[in-house]
C-alpha cells in the first residue's frame, strides 16, 4: 500500500479516494449525531408544510381558487424543498472548519499532507449527497398533504439544473467556510447570516419581482435565484434543457468562478490562520 505522500503524488485515482475518505468520515459523524439529523429532518418537514399551507389559507379566505391555488401550492412546495436542499449543502460545506473545531481535529486535518482542494471537494460531495437524501425524505413526507399536478414535469431538466447548480452552491459554501476560519468567535454566525441574505433575495417563497429595486440587484448575483427559476420552469412549466439553457449557462459560469475562487481564498485564509494561531481557537 502506498504511503500518504505517494498517494498524494498520484493525480487522479488517489485524489478521488482521498476525497472520498472525507465523505466517509462525515457519514460516520452523521450516524453518530443521528438525533440531530432527525431534528433537522422534522424541522424541514414542518417548515415545508407550514409555508405550503399558506396556499390553502389563500383558498379558504377566498382570495384565489382553482388553478391559481394549485399553482401557488406547487410554487411554495418547490421553493421550500429547493431551499431545504441548498441550505443543507451550504451548512455542510461552510461549516467545514466548525466541524473540525467541534471534534477537536482541526490541527490534524489542516496540517495533514492532503491537498486542500481534495479536502474541500470531499466535503462538497458529502454535502450534496446528504442534501439529496434529506430533501427526498422531506418531499416524500410532505407530498401526501397536498394535491399537486406533476404530469407536466420535466425531471431530466430539473436534475440537470440541480447538478449544475450544486457546483456553484458548493463554491459559495467554500467561500462562506472562510469566515469561521478567520473569525473563530463569530465566523459561524456570519456564515448563517450569509444564508439568510441568500434566502431573502433569491425568490424562495415569492418571485424576486416583488423585491425593492435595490434588493433585486442582489438576486442577480445569487446562484440560488437561477436554481429556483430552473427547477420551477422544469417542473411547473415542463421546460426542457434547451429552454433552460440560459439558466444552466449562468450556473455553470458561477461554478467556474466560485469553486476555484473559493478554494484559492480558503487557501490564503488558512495560511494566515496558521501564522496567527487561529486554528485551535474556539472563541
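Throughout, read-outs are computed from the coordinates displayed, never taken from laboratory work. It should be emphasised that the depicted structure is a prediction, and the values quoted were computed from it without experimental measurement.
Have a look at region 88-180 and give its Rg and Dmax from the Cα atoms, expressed in angstrom.
16.7, 53
For region 150-283, go through all pairs of different Cα atoms, get the mean of 1/r, take its inverse, and jot down that Kirkwood value in Å.
Values: mean 1/r = 0.0618 Å⁻¹.
By the Kirkwood definition, the hydrodynamic radius is 16.2 Å.
Over region 8-276, with a single point scatterer placed on each C-alpha, what log10 of the ratio I(q)/I(0) does the Debye formula yield at q = 0.11 1/Å?
-0.65
Measure nothing fancy, just the Cα-based angle from helix 223-235's long axis to the longest principal axis of the chain, in degrees from 0 to 90, nearest 10.
Helix 223-235 and the main axis of the chain meet at about 40 degrees.
When the helices in the chain are scored as -39500 (n - 2.57) per DSSP H run of 4 or longer and the sum is shared across all residues, what 222 nm value do you end up with, to the nearest 500 deg cm²/dmol? All intermediate terms of the calculation are to be shown ahead of the outcome.
Details: 12 runs with 218 residues, N = 283.
After summing the helix terms and dividing by residue count, I get -26000 deg cm²/dmol.
Normalised radius of gyration for region 199-276, please: alpha carbon Rg relative to 2.2 N^0.38 Å, two decimal places. Write out the running numbers ahead of the final one.
On the way: Rg = 16.4 Å, N = 78, 2.2 N^0.38 = 11.5 Å.
Here the Cα radius of gyration is 1.42 times the empirical estimate.
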